[in-house]
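Colleague: Quick one: the structure is below, and I'll ask about it shortly.
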Amino acid sequence: QVQLVESGGGLVQAGGSLRLSCAASESIFTLDAMGWYRQAPGKQRELVATLPRNGQLVYADSVKGRFTISRDVAKKLVFLQMNSLKPEDTAVYYCRADRQGRIDWGQGTQVTVSS
């Protein structure tokens, strides 16, 4: 099981930026994919961005051009840079790791965007 710990959430005004980090307990190079998901109150968890080991980055249409997913393999970190934040981006953001059909989640970090 991969342990994932998110950080970097907080309260920000609309138009502002935040950078989320996800620290993994083992090498992310061995994972099939890592990604960020979010869940707003009363809504289902949804994909924000995913970074496959071998493949093209995928972003939700709602965040394209504003959010960027990246990784530091040596430090076992995955990042989500969020710019031009909107109130509708308010949610708990979760880090996810995929490996050979197994999915592990972090505990989540709250992002609140005020208007």
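Colleague: Count the net charge of all other residues whose Cβ sits under 14 Å from the Cβ of Ile103, scoring Lys and Arg as +1 and Asp and Glu as -1. Walk me through the numbers on the way to the answer.
Modeller: Working: positive: Arg45, Arg96, Arg99, Arg102; negative: Asp32, Asp98, Asp104.
Neighbour charge sum, excluding Ile103 itself: +1.
Colleague: Another question about this same structure. In the range 5-79, carbon and sulfur make up what percent of the accessible area (probe 1.4 Å)?
Modeller: Values: 2080 of 4100 Å².
Exposed carbon and sulfur together represent 51 percent of the surface.
Colleague: Restricting attention to the range 81-112, which chymotrypsin sites (Phe, Trp or Tyr not before Pro) occupy a DSSP loop and are surrounded by at most 14 other Cβ atoms within 10 Å? Before the final figure, lay out each step's value.
Modeller: On the way: sites: Tyr93, Tyr94, Trp105; in loops: none.
Answer by residue number: there is no such site.
Colleague: Please work out the Kirkwood hydrodynamic radius for the chain, using every pair of different C-alpha atoms, and report it in angstroms with one decimal place. Don't skip to the end; give the middle numbers.
Modeller: Numbers: mean 1/r = 0.0714 Å⁻¹.
The answer is 14.0 Å.
Colleague: Write down the accessible area per residue of the range 63-115 in Å², having rolled a 1.4 Å probe over the full set of protein chains. Walk me through the numbers before you get to the answer.
Modeller: Working: 2660 Å² over 53 residues.
About 50 Å² of surface per residue is accessible.
Colleague: Shifting gears a bit: According to the Cα gyration tensor, what semi-axes, each the square root of 5 times an eigenvalue, does the equivalent ellipsoid of the range 47-115 have, listed from largest to smallest in whole Å?
Modeller: On the way: eigenvalues 98, 40, 27 Å².
Over the Cα atoms of the range 47-115, the ellipsoid semi-axes are 22, 14, 12 Å.
Colleague: Can you compute the FRET efficiency between Leu11 and Asn54 using 1/(1 + (r/R0)^6), with r the Cβ-Cβ distance and R0 = 35 Å? Round to the nearest 0.05. Please report the intermediate quantities before stating the final value.
Modeller: Values: r = 37 Å, r/R0 = 1.06.
Working from the Cβ atoms, E equals 0.40.
Colleague: Output the relative contact order of the chain, whole-number percent, from Cα pairs under 8 angstrom with separation of 6+ residues. Each step should come with its number before you reach the end.
Modeller: Working: 286 pairs, mean separation 42.6, N = 115.
RCO, the chain: 37 percent.
Colleague: While we're on this one: Within 15 Å, Cβ to Cβ, of Ala14, how many net charges do the neighbouring residues add up to if Lys/Arg are +1 and Asp/Glu are -1? Show your work: numbers first, answer last.
Modeller: Numbers: positive: Arg66, Lys86; negative: Glu88, Asp89.
Taking every Cβ under 15 Å from that of Ala14, the sum is 0.
Colleague: Hey, what D do you get for the range 1-66 in µm²/s if you plug the Kirkwood alpha-carbon radius into Stokes-Einstein at 37 °C and 0.692 mPa s? Numbers along the way, then the final one.
Modeller: Details: Rh = 13.7 Å.
Rounded, D is 239 µm²/s.
Colleague: Report the full-extension gain for the segment Asp72 to Arg45: residue separation times 0.36 nm, less the Cα-Cα distance, to one decimal in nm. Don't jump to the answer; show the numbers that get you there.
Modeller: Values: separation 27, 0.36 × 27 = 9.72 nm, distance 2.52 nm.
So the extension gain works out to 7.2 nm.
The values are calculated or read from the model by the stated rules, or taken from the named source; none is laboratory data. Worth saying up front: this structure is predicted, and the values here are computed from it rather than measured. Glycine gets a Cβ as well: all are built from the backbone with ideal geometry, and neighbour counts include every protein chain shown. Note: accessible area is taken over every heavy atom of the protein model, side chains too, but ligands, DNA and RNA are not part of it. Shrake-Rupley method; radii C 1.70, N 1.55, O 1.52, S 1.80 Å.
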